[in-house]
There are 2 protein chains.
Amino acid sequence: MVNETQQTSSASSSSRSDGGSSSGSESSKDNSRCSTPVLDADRHERLREKMRRRQEAGDRWFSLEFFPPRTANAAVNLISRFDRMGAGGPLFIDVTWHPAGDPGSDKETSSMIIANTAVNYCGLETILHMTCCNQTKDDITGHLQKAKRLGLKNIMALRGDPSGEEWEEEVDGFNHAVDLVKHIRNEFDDYFDICVAGYPKGHPEAESYEADLRHLKEKVFAGADFIITQLFFRPETFFKFMKDCQAIGITCPIIPGIFPIQGYHSLRQLVKLSKLEVPQEIKDVIEPIKDNDAAIRNYGVELAVSMCRELLDSGMVHGLHFYTLNREVATTEVLKRLGLWREDPRRPLPWAVSAHPKRRVEDVRPIFWASRPKSYIYRTQEWDDFPNGRWGNSSSPAFGELKDYYLFYLKSKSPREELLKMWGEELTSEESVFEVFTCYITGEPNRNGYKVTCMPWNDDPLATETNLLKDELERVNRRGILTINSQPNINGKPSTDPIVGWGPSGGYVFQKAYLEFFTSSEIVTALLKVLKKYEQRVNYHIVNVKGQNITNAPDLQPNAVTWGIFPGREIIQPTVVDPVSFLSWKDEAFALWIEQWAKLYEEESPSRMIIQYIHDNYYLVNLVDNDFPLENCLWQVVEDTFELLNSATQQ
Amino acid sequence: MVNETQQTSSASSSSRSDGGSSSGSESSKDNSRCSTPVLDADRHERLREKMRRRQEAGDRWFSLEFFPPRTANAAVNLISRFDRMGAGGPLFIDVTWHPAGDPGSDKETSSMIIANTAVNYCGLETILHMTCCNQTKDDITGHLQKAKRLGLKNIMALRGDPSGEEWEEEVDGFNHAVDLVKHIRNEFDDYFDICVAGYPKGHPEAESYEADLRHLKEKVFAGADFIITQLFFRPETFFKFMKDCQAIGITCPIIPGIFPIQGYHSLRQLVKLSKLEVPQEIKDVIEPIKDNDAAIRNYGVELAVSMCRELLDSGMVHGLHFYTLNREVATTEVLKRLGLWREDPRRPLPWAVSAHPKRRVEDVRPIFWASRPKSYIYRTQEWDDFPNGRWGNSSSPAFGELKDYYLFYLKSKSPREELLKMWGEELTSEESVFEVFTCYITGEPNRNGYKVTCMPWNDDPLATETNLLKDELERVNRRGILTINSQPNINGKPSTDPIVGWGPSGGYVFQKAYLEFFTSSEIVTALLKVLKKYEQRVNYHIVNVKGQNITNAPDLQPNAVTWGIFPGREIIQPTVVDPVSFLSWKDEAFALWIEQWAKLYEEESPSRMIIQYIHDNYYLVNLVDNDFPLENCLWQVVEDTFELLNSATQQ
């Protein structure tokens, strides 16, 4: 009676079904907590388990390699690239280790910090490279401890290039990658997944190809979980290498490293560094077109696509690793043509999840940081845990201060000159501020012909979902209700809905209408009168920069405003309006007027004084319409407010 | 701008609104946990706070006094009475202390156990009386510790009647109630709310009325929180007493004790015990009708109603305490005529909440015990806490064993003879069992003319909500799908809906359709084939007595099947289908066949063997239709199963 699709288990056992994965013990632990339904197995598996699961399922995947940039500005751009390329669904990215660039430091361009940003702020599974030669054991342990603390879970263990010509092996030192692998396993047990490098043509410094294979086997037997290969130019090179590895007993995954040729110079430099020889047939094509970047890139894409196809078709390869050289176009093009680039419009939660292991149970956040998730992560990074997937004890003073508005991963992508064009070289009145907000909503150019594509509270153009409310938002912003966050009400749309859906398929998602805005005290006075008519239906929080706080929320309890009902699961409520954390958000939201906007202008300038006036005198308001099955009443609340103001003016 | 309906608070403070009650610190703690929205202030307040809040709100209330019964059967009946009279909304009940009845023991008729049952199993705020004379300090401390352990929070501190004629005060002993009050405050700090007795006519043994008032003042100043008076016959008696109390500085609440005269003999006995004098005008009425119980009761009700009205109209009285003598009719009648009896059809949660302090945060239970909540409470009573309002670690072996099916609060209200009439003196086949189930559903008499008003899994007639499914249930039970639990799907009905509503007003409640039944392995085989067509939509758990378990639930996660969305709150999901606790329930559900049904018959009798056969061979099945917005598909699943069986038979 029990067929293969059913899971059977004996009641006398621990009653876990036997269909569970090897992460069973952990998932059963979460089970008992019962308030954090496991939405996404990905969040709970180690990289090597994900790899195994994808392989077993016959799924093909890719990964992306980046190097740390030289300047802070380049770092900001790289982070945007992480966000964009992350959307294609890499299994992981890796960040190389640059001994010359102070790689373990807290500099915004260090390998450590770039990898940290990828994991924590971009939610990407990340491998941090680490080299060991010319370093003390303590240095290395320090780097590994720091990596662990930051939430990094995977290390690519490398020897690195010895500095100086006269490098000699040190006794008891870290002379080879295998020493680093052993050290990691000794000191950190099974905490890290370890990757090592394989050289399909043999390491240039190895005595022989065979000797190099033996070194690789040592690394694997010392505890490495998988191998990524150096780049190569012909599929046969990889197939031979793979067979030779298997022949000597290496059974872990071997991932071919793919280098799409993107330009003449970068190819030459890479070849020089890696001491590889470019096959004659490639040289023959490239030399004649060496000054035509586009032609070389097209050729490189063609070449990579055809090699990747051959690798995948062999059945020996399940994943491809791309050396991106921090560039986007060529790799993305190859991936799209291979059908590996998968922009999944479905989100496990309505906000982007972080890949830090301690945040993997996080399943609810205050709505306020919806457009500034990196700031939320930064300000809650010191929290020890996320009990029950919640945002911790929001009534304790645990929200980190946001002192530094210039943290590179929080910095606006636009330079000052561009911001001035968008937000006005010169402001003449509060109304000119209303205009900026209105242009941001409509997407129309401002009076100087520039589109407003970001605001201090939102570094990106309007979200698709917010677009649903565009007309209403335009109308109210024109009249001084300066909106910074909103969502429509949703009464049970399928979880696969392309705009508002999230979570597993077969479920239903819901929202209460939400509206958050700055506005003058005059409007607030009228609004409060109007809100009396909506007392049962609308919850409000109204606060000014000094912290004067007006609310009708019962007992300062959070109000769930986004939730989902799924087959076979507990209810998930990923977004709440939390009155306590609203006061932390309020400080940030008001400060952004000054830090991001006012400071564009000279001190004492009229423009700066206008922003300062708004900062000092406006209120930050949030409204929730609790009657989600009915038509959103918040627009009516605002209309009523304007009407009340008009009638008062006329008297 | 801030008006009186708004709560203001400074952001620089701890950001609690200043509208909070004195339980602020506790509720703020719960706040931060955020997964247990405070649904019902009642569950978090101490009795004295509830009293104060009701008084401040101008709400009038009542309370009910009971004494422990003499026999176990009487205890079963008293517990049913608690459930029925609890529905009228008493602020509390109290249970008297009978020194002769081993009051602190574990006997089912002891004061301690009756009070325990009222708190834990009936969810009633309860005061346990305790007397101190002729007892050692250790005895008393032991009783108080036990009371605390059981979740009792209120003590009525009394001296008690000295035993023997020659009682003398003991040095350092407990000679007066005030000694007990002091002892409680010394040993248990502020844990208990303490009530003391007031004597409007003076204690019969006191030197004088004035001396007795001074004793009362001593008791209050020693730490008593409020006073309940001895019964009296004229409102003036109470008014004078109250004024005299106030005159000497007693400011705590004084609750008049009301004794509705219910019969000639009970009046005489009470008067004898309390050494009170019945006023001549009452004697004059009663004597001539002393053999007419109905007439005396009518008179008693009239008299009580008119006295209560006078007390309430005075504005000095906010609550009335009724000496029920464990009877229901007279007191209920008085309360209804006073308009104090308030059967609130609105439930804070879809199941009856327990009044044990450690369960006050409990807000989710497995659906399986829906008709056996007392068993669920019994089997989880040892749990240390209810983290996040959850049912604790359901995957730990923490479910208590239900060894004793004869615990008086779990016992069927019907005696064996009645059960035999309902369930059959003699069973001839499995079909005769189907008939019993069908009669229970339809409410029609069985073939011997008896209505089936209870089943081993449900001691009460069908719930109103289940009635919504009556036709479908009848059809499937006739054919051997023996249902024991079910609920219809609900897609957002108002929380005030009289049948399916619960929780605060202004919210919406939801349910997934649920069906739980016993059925033969033949039907299960067909059912499993049918369920493949519903794979995405229906979650199932199918288990037999040996624990063979077939399920398609992902990772053994709980499935929320009842939830509510309320203004300004997090989402509440009070009922789940939890795969792990289902296996504990399964043991209980199968055992009930034997313990409650098979054992009605002689060993080896055909009837007993039929039940035993079902117990040994049937499966317990539960089905959830996850698509709550659509029409419930579970009936179609069952129809399809029968069709499949029919077509197989015809082949």
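The values are calculated or read from the model by the stated rules, or taken from the named source; none is laboratory data. Not measured: the values here are computed from a predicted model. Cβ: placed from backbone, ideal geometry, glycine included. Neighbour counts: every protein chain shown. Side chains are part of the model used for accessible areas, which takes the heavy atoms of the whole protein and leaves out ligands, DNA and RNA. Shrake-Rupley method; radii C 1.70, N 1.55, O 1.52, S 1.80 Å.
When both bridge partners sit in chain B, DSSP labels roughly 55% of those beta bridges antiparallel.
Take each residue in B:81-90, count the other chain C-beta atoms within 10 Å of its C-beta, and the mean is 0. Taking the inverse of the mean reciprocal distance over all distinct Cα pairs, the Kirkwood hydrodynamic radius of the stretch B:558-622 comes to 14.5 Å.
With contacts taken as Cα pairs under 8 Å and at least 6 residues apart, chain B reaches a relative contact order of 11 percent. Once you sort the root eigenvalues of the Cα gyration tensor of the stretch B:203-354 as a ≥ b ≥ c, which label holds: rounded (a/c under 1.5), prolate (a/b larger than b/c) or oblate (the other case)? Oblate shape, in that a/c is at least 1.5 and b/c is the bigger or equal ratio. For A:THR442, neighbours were defined as the other residues whose beta-carbon sits under 10 Å from its Cβ, and their charges (Lys and Arg +1, Asp and Glu -1) total 0.
Each Lys or Arg adds one and each Asp or Glu takes one away; over the other residues whose Cβ falls under 12 Å from the Cβ of A:LEU213, this sums to +1. Counting Lys +1, Arg +1, Asp -1, Glu -1, what net charge surrounds A:THR131 among other residues with beta carbon under 9 Å of its beta carbon? Within the 9 Å Cβ shell, the charges total 0.
Solvent-accessible area per residue in the protein assembly as shown equals 42 Å², computed with a 1.4 angstrom probe and all protein chains kept. Spherically averaged projected area of the convex hull of Cα atoms, the stretch B:157-269: 8.5 nm². Could you run the numbers on buried accessible area between A and B, total for both chains, 1.4 angstrom probe, in Å² to the nearest 100? Result for this pair: about 5800 Å² buried. Overall, chain A carries a charge dipole of about 1000 debye about its Cα centre when +1 sits on the Cβ of Lys and Arg and -1 on the Cβ of Asp and Glu, all other atoms neutral.
For B:PRO288, the point set 7 Å out from Cα toward Cβ sits 13.3 nm from its twins in the other copies, listed from shortest up.
Under the rule a/c < 1.5 gives rounded, and otherwise a/b versus b/c splits prolate from oblate, where does the stretch A:40-146 land using the Cα gyration tensor? Oblate shape, in that a/c is at least 1.5 and b/c is the bigger or equal ratio. Taking a span of 27 Å or more along the helix axis (Cα atoms) and a mean Kyte-Doolittle hydropathy of at least -0.5 as the rule, the DSSP H helices of chain B that qualify are B:293-313.
Sorting the segments A:249-261, A:299-311 by their mean number of nearby beta carbons within 10 angstrom, highest to lowest, gives A:249-261, A:299-311.
Averaged over peptide A:569-577, the number of partner chain Cβ atoms lying within 10 Å of each residue's Cβ comes to 5. Across identical copies of the chain, A:LYS146 has label-point separations of 6.4 nm, listed in ascending order, with the point defined 7 angstrom from Cα along Cα→Cβ.
For the residues of B:540-550, the average number of beta carbons from a partner chain within 10 Å of their own beta carbon is 4. Put A:THR109, B:THR136, B:THR438 in order of accessible area, highest first, and with a 1.4 Å probe you get B:THR136, A:THR109, B:THR438. Distance check, please: which entries in B:LYS512/B:LYS533; A:LYS146/A:LYS413; B:LYS201/B:LYS283; A:LYS512/B:LYS50; A:LYS512/B:LYS512; B:LYS336/B:LYS470 exceed 24 angstrom between their Cα atoms? Among B:LYS512/B:LYS533; A:LYS146/A:LYS413; B:LYS201/B:LYS283; A:LYS512/B:LYS50; A:LYS512/B:LYS512; B:LYS336/B:LYS470, the Cα-Cα distance tops 24 Å for A:LYS146/A:LYS413; A:LYS512/B:LYS50; B:LYS336/B:LYS470. How big is D, in µm² s⁻¹, for chain A by Stokes-Einstein at 25 °C and 0.890 mPa s if Rh is the Kirkwood radius over C-alpha pairs? It comes out at roughly 89 µm²/s.
Sorted shortest first, the separations between the B:ASN617 label point and its copies elsewhere in the assembly read 8.7 nm; each point sits 7 Å from Cα along the Cα-to-Cβ line.
Normalised by 2.2 N^0.38 Å, where N is the number of residues, the C-alpha radius of gyration of the stretch A:100-140 stands at 1.24.
Shape class for the stretch A:449-563, computed from the alpha carbon gyration tensor (a ≥ b ≥ c): oblate, with a/c not under 1.5 and a/b at or below b/c. Pull up the DSSP beta bridges for the protein assembly as shown and report the antiparallel fraction as a percent, rounded to 5. Bridges in the protein assembly as shown that DSSP calls antiparallel: roughly 55 percent. Judged by the mean number of other Cβ atoms found within 10 Å, the most tightly packed of the peptides A:75-87, A:550-562 leads the ranking A:550-562, A:75-87. In chain A, helical runs assigned H by DSSP with n ≥ 4 each contribute -39500 (n - 2.57); averaged across all residues and rounded to the nearest 500, the mean residue ellipticity at 222 nm is -11500 deg cm²/dmol.
Shape summary of the protein assembly as shown, radius of gyration then Dmax from alpha carbon positions: 37.5, 129 Å.
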